[in-house]
Amino acid sequence: AQKVTQAQTEISVVEKEDVTLDCVYETRDTTYYLFWYKQPPSGELVFLIRRNSFDEQNEISGRYSWNFQKSTSSFNFTITASQVVDSAVYFCALVAGGTSYGKLTFGQGTILTVHP
Amino acid sequence: AAGVIQSPRHLIKEKRETATLKCYPIPRHDTVYWYQQGPGQDPQFLISFYEKMQSDKGSIPDRFSAQQFSDYHSELNMSSLELGDSALYFCASSFGTLYEQYFGPGTRLTVT
């Protein structure tokens, strides 16, 4: 069975601060895929990034960056110079390659509040 | 770019009634997923279809059923509704089962 843990339930920062959201996963599959989704107050789920288990390269997209470390089963997400529009719930999720047929297993989510 | 379409966006039903939620995937996406998100919860997988065949099933109540049609749209049928079924229901689609899933805006179901 797969499991995703987001240790931080809520994070509150002031605009322009950097913030890191932690994600730890568990799976027995050697092939798996990791995702981050953003859920703003409007409720939709917005895809941010997908990484496969064979690619440990870190990725940067604008103010967003992701750090994938297989040795610690972690896939952390950093927002640099946070903005009020970053306020949302962020979900880390996992798809196991072998048996899940694409089913996403989500973490509990981290509520990020960015204050002006 | 086209997105996943869900209808209706909001639905209010009484206990023991029936509800049907519809999902229209992104064109050329062959896989559809349904998720249920209760208040303050993470989305929970219900069921998925790949090329119109059921591919996986999660913790979906027996009162719920779903199917994917020849045009790839999907419907989630919910009968004998209970108060606990009140939630946000998401449909997502992807091209293949291991690629990123794009979510629709969700249907907010309220059972009174």
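The values are calculated or read from the model by the stated rules, or taken from the named source; none is laboratory data. The structure presented is a predicted model; accordingly, all values stated were derived computationally and were not measured. In this analysis, Cβ positions are derived from the backbone assuming ideal geometry, glycine residues included, and neighbour counts consider all displayed protein chains. Heavy atoms of the whole protein, side chains included, go into the accessibility calculation; ligands, DNA and RNA do not. Shrake-Rupley method; radii C 1.70, N 1.55, O 1.52, S 1.80 Å.
Remarks
- Annotation note: Cβ proximity below 9 Å between a residue of the range B:36-62 that is more than 12 Å from every other protein chain (Cβ to nearest Cβ) and within 24 Å of B:GLY96 (Cβ to Cβ) and a residue that is open to solvent by 30 Å² or more (accessible area, probe 1.4 Å) and in a loop (DSSP other than H, G, I, E, B) (sequence gap 6+ or interchain) occurs for B:LYS52/B:PHE69; B:LYS52/B:SER70; B:LYS52/B:TYR72.
- Residue within the range B:75-85 that is open to solvent by 30 Å² or more (accessible area, probe 1.4 Å), within 14 Å of chain A (Cβ to nearest Cβ) and either closer than 25 Å to A:ALA1 by Cβ or more than 13 Å from the chain's Cα centre (by Cα) (or both) present: no
- Strands (runs of 3 or more DSSP E) contained in the range A:3-70 and holding at least 3 residues within 14 Å of another protein chain (Cβ to nearest Cβ): A:3-5, A:32-39, A:46-52
- For the range A:80-101, filtering for residues that are out of contact with any strand residue (DSSP E or B) (no Cβ under 6 Å at 6 or more places or on another chain) and within 12 Å of chain B (Cβ to nearest Cβ) leaves 3.
- Residues in the range B:38-92 that are part of a helix (DSSP H, G or I) and either touching a Leu at 6+ places or on another chain (Cβ under 7 Å) or hydrophobic (A, V, I, L, M, F, W, C) (or both): B:LEU83, B:ASP85.
- Scope the range A:35-53; condition without any contact (Cβ under 8 Å) to a residue 12 or more places away in the chain and more than 16 Å from A:VAL84 (Cβ to Cβ); matching residues: A:GLY43, A:GLU44, A:VAL46
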